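The values are calculated or read from the model by the stated rules, or taken from the named source; none is laboratory data. Small disclaimer: the values here were computed from a predicted structure and weren't measured. When we count neighbours, we look across all protein chains shown, and the Cβ atoms used for this are built from the backbone with ideal geometry, even at glycine.
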Amino acid sequence: MSGGRSVTGKRRATAKLLAGGSPLRTRNPGACPTDRQQSGTDAIVCQPAAVGSKKEDDRRYPKRPLVGVGALIFRRGRILMAQRGKQPLKGAWSLPGGALEIGESLDAGVRREVREETGLEVKPVKVFEIFERIIRDSRGAPEYHYVLIDYVCRVIGGALRAGDDACRVEWVRERDLAELEITEGTLAVIERAFRSRDRQGAVSVAVSPRSAKAR
């Protein structure tokens, strides 16, 4: 997923996240359950948290910004969200997506990342937003630097399951997004996408520069 997005404010270790009741709330924001639960008619599909990898380490302190892709996938008034299973930002929720590979087109990158993280096959429909993310360490040095391109996508096949960097995936209603610990800047993108999704033929492309320190 779009690992370059940083968490808004402090980690929400608050009563709202710990209270239970709604399956959208996680009792431990930094960990993912491995069982299958039900959220109304939608399953929450989980896998054990992934451990760090050489690939992830290679993205730290890059010589140049990395290009990433994200997917805005809607279904019956809900959007597909993925919870990170490893650093950076382990436990945070974001859009499915990740870093582009050498020699890979943007279209192919979106399809691959969504397939790996969610099990779904998608068709990228349009570019929605270009999103810059710089995450700085405690000294102020850029630890991660991504240029993220978010696509509106349509599901064309597959079966929902969590995989790769994601330990959990879920279809989330717009009004329930506030209950999740979402990476910084992502919620604003999603809200704009909800507002514009019914505008036929509209292609919204915006550049959103933001930076944050790693937490």
Could you tell me whether any residue of the range 207-215 is in contact with a Phe, Trp or Tyr (Cβ under 9 Å, 6 or more places away or on another chain) and at pLDDT 85 or above? no
Tyr144 passes all but one of (1) modelled with pLDDT of 95 or more; (2) touching a Phe, Trp or Tyr at 6+ places or on another chain (Cβ under 9 Å); which number fails? (1)
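Condition first: over 18 Å from Glu121 (Cβ atoms) and either outside any strand (DSSP E or B) or in contact with an Asp or Glu (Cβ under 7 Å, 6 or more places away or on another chain) (or both). Now tell me which residues in the range 59-73 satisfy that. Explain how you work it out, then say what you get.
Residues of the range 59-73 that are over 18 Å from Glu121 (Cβ atoms), as a first pass: 59-68.
Of everything in the range 59-73, those that are over 18 Å from Glu121 (Cβ atoms) and either outside any strand (DSSP E or B) or in contact with an Asp or Glu (Cβ under 7 Å, 6 or more places away or on another chain) (or both) turn out to be Arg59, Arg60, Tyr61, Pro62, Lys63, Arg64, Pro65.
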Being surrounded by fewer than 16 Cβ atoms within 10 Å (Cβ to Cβ) and not aliphatic (A, V, I, L, M) is the filter here; which residues of the range 130-157 pass it? Asp137, Ser138, Arg139, Gly140, Pro142, Arg154, Gly157
Can you find even one residue in the range 162-176 that is assigned to a helix (DSSP H, G or I), touching a residue at least 40 places away in the same chain (Cβ under 8 Å) and not small (Gly, Ala, Ser)? yes
Please specify each residue of the range 74-129 satisfying the condition of being part of a helix (DSSP H, G or I) and either surrounded by fewer than 23 Cβ atoms within 10 Å (Cβ to Cβ) or touching a Phe, Trp or Tyr at 6+ places or on another chain (Cβ under 6 Å) (or both). Leu106, Asp107, Ala108, Gly109, Val110, Arg111, Arg112, Arg115, Glu116
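Residue by residue through the range 177-200, note down the ones that are assigned to a loop (DSSP other than H, G, I, E, B) and of a type outside the set (Gly, Ala, Ser). First the steps, then the outcome.
If we filter the range 177-200 for residues that are assigned to a loop (DSSP other than H, G, I, E, B), which is where we start, we get 180-181, 184-185, 197-200.
Within the range 177-200, Leu180, Glu181, Glu184, Arg197, Asp198, Arg199, Gln200 meet the criteria.
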I need every pair where a residue in the range 100-112 that is in contact (Cβ under 8 Å) with a residue 12 or more places away in the chain has its Cβ under 8 Å from the Cβ of a residue that is among the charged types (D, E, K, R), sequence separation at least 6 or different chains. Gly109/Glu101; Arg111/Glu121; Arg111/Lys123
